[in-house]
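Read the structure below first, then the notes.
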Amino acid sequence: MQLDVAAPSAPRGRVVMLVDNAVEGDSRVQKAARSAADAGWDVTLLGCARTDGERDWRLGRAHVRVLPMGGPTGGPTGPRGLRQRLVSRGGLPLRAARLARRPVEHGQVLLWRTLQGDRAWRRLEPGLWGYERLFGPVIDELRPDLIHAHDFRMLGVAARAVLRARAAGRPAKLVWDAHEWLPGAKPRRDNVRWLPAHLAYVREYVGHADAVVTVSDALAELLQRDHGLTERPTVLLNAPATADEPAGDTEPAPDLRRLCGVDRDTPLLVYSGAMAVQRGLDTVVDGLPRLPGVHLALVVGDPTAAYLRQLAARAARLGVADRVHPVPYVPHRQLVAFLSGADVGLIPLHHWPNHEIALITKFFEYSHARLPIVVSDVRTMADTVRATGQGEVFRARDAADLVRAVRAVLADPDRYRAAYAGPDSPLPGWTWEAQAQKLDALYRRLLSPEESTVEAQAR
């Protein structure tokens, strides 16, 4: 992906981006780093993974470094103990241990919040210090002008690095990129300390952010309300990159239908992305017996995941296993072309607070693939689909209503694809290039306010 604006001969400033994953599966983070580097910023993207050694590569002009959190017996929280052994064994002992500890955890939350307020996360979720130990020295060595912290775990790491830089006489700015609404997040594990600890962590450090960016207008409003932000967060949609890649920079996308073993006349539904119960794929599988001849492609990162095995077993019980096709992820730069081989894009989410306010990445990827979208009645995406006419809405968890919606789209697909054509098409604004221009403008405002003021006056 390249921006239309030519990069300056000298970097505008040094940007360090932080993310608490291995980078490769995070398209938003990759696009942000690459586009900022293409616009002339000196970008280093730091991620982390449970590996024994550091990995690094180039992403366009950006430098990616994935720092080692340790092997399978270690990580930010230290060596394995009783808890890790219980988790690895699973089953009844794990369930019993979780039930037994809940009263203790509730007491811990009450005690430490009473004693320490927002500093209570230090006692409730001390593993967060592991990210500080891992990232902090590397950030200090890079001496950034601006730190772009992706999602909530990196906020405190970035805030402390900025404070250290300023104490050393080096001005630095902090941008927090809030990918989700934390109060509405599904906890990562069965631990009653998890949510109050992370909420306290964010509250302690959000005031250090010089600017906040996020993924939707609805989430921007919630963040401004929750944290009393004087400035509304800048919205950077999770839109795909559409500019042509430099010659040789990417391979052609695979053929989705060939991977599924179906011909061009076979109706093909597609779901792309993470798989979990709340994503609603069981509703789709339940609907397939009432959609004879319709096939389902599941574009997934881990074909051995437990939930995918459960779906396969469900499909087998319903007699539709031969119409369900797991296929592997492709690089995000190929994804739109890859998805375009389907007839319908599916977003069958259950009702969950973060689902209600999101315009998720796959929504825009399906749109740029010119796919009609069948989405559950989660608020923001359902309202958007109704407004544009690009698909149909069904009641979440209602297989019969999903079947109705799919049948309507397959009966007249051109009616829904027409929403992507003509002067009223939403697609020009739903591109990463449009979002990258806003991100570049934000960086310039923070680091070169005089230049930004002159440009604003000229406009």
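The values are calculated or read from the model by the stated rules, or taken from the named source; none is laboratory data. Note that the coordinates shown come from a computational prediction; the quantities given were computed from them, not determined experimentally. So basically every Cβ, Gly included, is an ideal-geometry build from the backbone, and we count neighbours across all protein chains shown. When the accessible area is computed, the model is the full protein with side chains, heavy atoms only, and any ligands, DNA or RNA have been set aside. Shrake-Rupley method; radii C 1.70, N 1.55, O 1.52, S 1.80 Å.
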Net length gained if the chain between Glu132 and Asp226 were fully extended (0.36 nm per residue, minus Cα distance): 31.3 nm
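Take every Cα pair under 8 Å in the chain that's 6+ residues apart, average their separations, divide by the length, and report that relative contact order as a whole percent. Let's see the in-between values first.
Numbers: 801 pairs, mean separation 57.1, N = 459.
The normalised contact order for the chain reaches 12 percent.
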Between Thr266 and Gln116, what is the label-point separation in nm under the 7 Å Cα-to-beta-carbon projection? 5.6
Return the label of the correct value of Kirkwood radius over Cα pairs in Å, as calculated from the structure shown, out of (i) 23.8; (ii) 21.8; (iii) 29.4. (i)
So if we plug the beta-carbon distance of Arg397 and Tyr307 into 1/(1 + (r/R0)^6) with R0 = 22 Å, what FRET efficiency do we get, rounded to 0.05? 0.90
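Please calculate how many Å² of accessible area the chain carries per residue, with a 1.4 Å probe and no DNA, RNA or ligand atoms counted. Spell out each step's value before the answer.
On the way: 20490 Å² over 459 residues.
About 45 Å² of surface per residue is accessible.
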Sequence order, region 394-402: Karplus ³J(HN,Hα) from phi using 6.51 cos²θ - 1.76 cosθ + 1.60, θ = phi - 60°, Hz rounded, Gly and Pro as x, gives 10, 6, 4, 6, 9, 5, 5, 6, 4
If R0 is 56 Å, what FRET efficiency do you get for His208 and Asp412 from their C-beta distance, rounded to 0.05? 0.60
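So if each residue of separation counts as 0.36 nm, and I subtract the Cα-Cα distance between Arg258 and Arg102, what length gain in nm does that give?
Working: separation 156, 0.36 × 156 = 56.16 nm, distance 4.95 nm.
Taking 0.36 nm per residue and subtracting the Cα distance, the gain is 51.2 nm.
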As a check on your grasp of the helix formula, calculate [θ] at 222 nm for the chain: sum -39500 (n - 2.57) over DSSP H runs of n ≥ 4, divide by the residue count, round to the nearest 500. -13500 deg cm²/dmol
Please enumerate, by chain and number, the lysines with C-alpha under 24 Å from the C-alpha of Lys173, excluding those fewer than 8 residues away in the same chain. Lys31, Lys438
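Provide the packing ranking of 175-185, 309-319, 151-161, i.e. peptides ordered by the mean count of other C-beta atoms within 10 Å per residue, highest first. Before the final figure, lay out the partial values.
Working: 175-185: 20.3, 309-319: 14.7, 151-161: 22.6.
Per-residue Cβ counts within 10 Å, averaged per peptide and sorted highest first, yield 151-161, 175-185, 309-319.
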Surface share of carbon and sulfur [accessible, 1.4 angstrom probe, percent] for the chain: 52
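Which whole-number percent is the relative contact order of region 159-225 (Cα, under 8 Å, 6+ apart)?
Numbers: 51 pairs, mean separation 28.0, N = 67.
After rounding, I find 42 percent.
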Simple spin-label estimate for Asp56/Asp217, 7 Å along Cα→Cβ, in nm, reads 4.3
